[in-house]
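Peer 1: Sharing a structure below in structure tokens format, with a few things to ask.
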């Protein structure tokens, strides 16, 4: 699919500046948990590729994702650790944390668990607007914080791996037996 061609058509555009300025302004809206302010930074047909979750296209889908996130984790705190940019891209290293105590998120009911993520967003900018964002973070960190998976390196995780490896060996033995 072709990437959107951009023209600066919004009237409430973020102030002109560098790509790094746009990224910082966008992440200030993220830190404020303000999806409407975030959308002011986006081209209407922008694309966000949340690597662990999937692709969201356009204002409606992008706005819905962030509204759901902020509703699910009402105390979400975002800290920008670094911004590196050129004229077309800004790479933002961030940390987020909060408690999954609000509404559902991605079909999962709130568990009260503490979510702690770190990640990197690669923002692509044209005409002073974000046209694409590829966001990288470890989806297992969310699953662990939400209580879907045991804590990393815990006895429960080791038991889960042992059970899974046993199942894998049993499946391999069944396949081998069928092939004889």
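Peer 1: Among the residues of segment 27-42, are any closer than 22 Å to residue 145 by Cα and part of a helix (DSSP H, G or I)?
Peer 2: Yes, segment 27-42 contains a residue that is closer than 22 Å to residue 145 by Cα and part of a helix (DSSP H, G or I).
Peer 1: Can you confirm whether segment 140-159 contains a residue that is within 15 Å of residue 30 (Cα to Cα), surrounded by 11 or more Cβ atoms within 10 Å (Cβ to Cβ) and under 16 Å from the mean Cα position of the chain (by Cα)? Before you say what the answer is, go through the steps one by one.
Peer 2: Residues of segment 140-159 that are within 15 Å of residue 30 (Cα to Cα), as a first pass: none.
No, there is no match, as no residue in segment 140-159 is within 15 Å of residue 30 (Cα to Cα), surrounded by 11 or more Cβ atoms within 10 Å (Cβ to Cβ) and under 16 Å from the mean Cα position of the chain (by Cα).
Peer 1: If you don't mind, there's one more thing I want to ask. In segment 64-180, which strands (runs of 3 or more DSSP E) lie fully inside it and hold 2 or more residues that are touching a residue at least 12 places away in the same chain (Cβ under 8 Å) and farther than 22 Å from residue 51 by Cβ? It would help to see each step written out before you state the result.
Peer 2: Details: elements: 77-85, 89-99, 114-126, 129-137.
It comes to none.
Peer 1: Considering 39, 69, 76, 50, which residue is buried (at least 16 other Cβ atoms within 10 Å of the Cβ) and over 14 Å from the mean Cα position of the chain (by Cα)? Let's see the steps before the verdict.
Peer 2: Working: 69 fails: over 14 Å from the mean Cα position of the chain (by Cα); 76 fails: over 14 Å from the mean Cα position of the chain (by Cα); 50 fails: over 14 Å from the mean Cα position of the chain (by Cα).
Result of the check over 39, 69, 76, 50: 39.
Peer 1: Here's a follow-up. Consider segment 94-120. How many of its residues are over 13 Å from residue 78 (Cα atoms) and crowded, with 19+ Cβ neighbours inside 10 Å? Don't jump to the end; show me each part of the working.
Peer 2: Taking segment 94-120 and keeping what is over 13 Å from residue 78 (Cα atoms), we get 100-114.
Next cut, crowded, with 19+ Cβ neighbours inside 10 Å only: 100, 105.
Here the count works out to 2.
Peer 1: What number of residues in segment 44-63 are closer than 13 Å to residue 131 by Cβ, assigned to a strand (DSSP E or B) and touching a helix residue (DSSP H, G or I) at 6+ places or on another chain (Cβ under 9 Å)? Can you show your working first?
Peer 2: Step one: of segment 44-63, the residues closer than 13 Å to residue 131 by Cβ are 44-49, 57-59, 62.
With assigned to a strand (DSSP E or B) added as a condition, the list becomes 44-49, 57.
Narrowing further to those that are touching a helix residue (DSSP H, G or I) at 6+ places or on another chain (Cβ under 9 Å): 44-48.
Qualifying residue count for the region: 5.
Read the figures in this text as sums done on the coordinates, not as results from a lab. The model shown is predicted, which means the values in this text are computed figures rather than measured ones. All Cβ positions, even for glycine, are placed from backbone atoms using ideal geometry, and neighbour counts span all protein chains on display.
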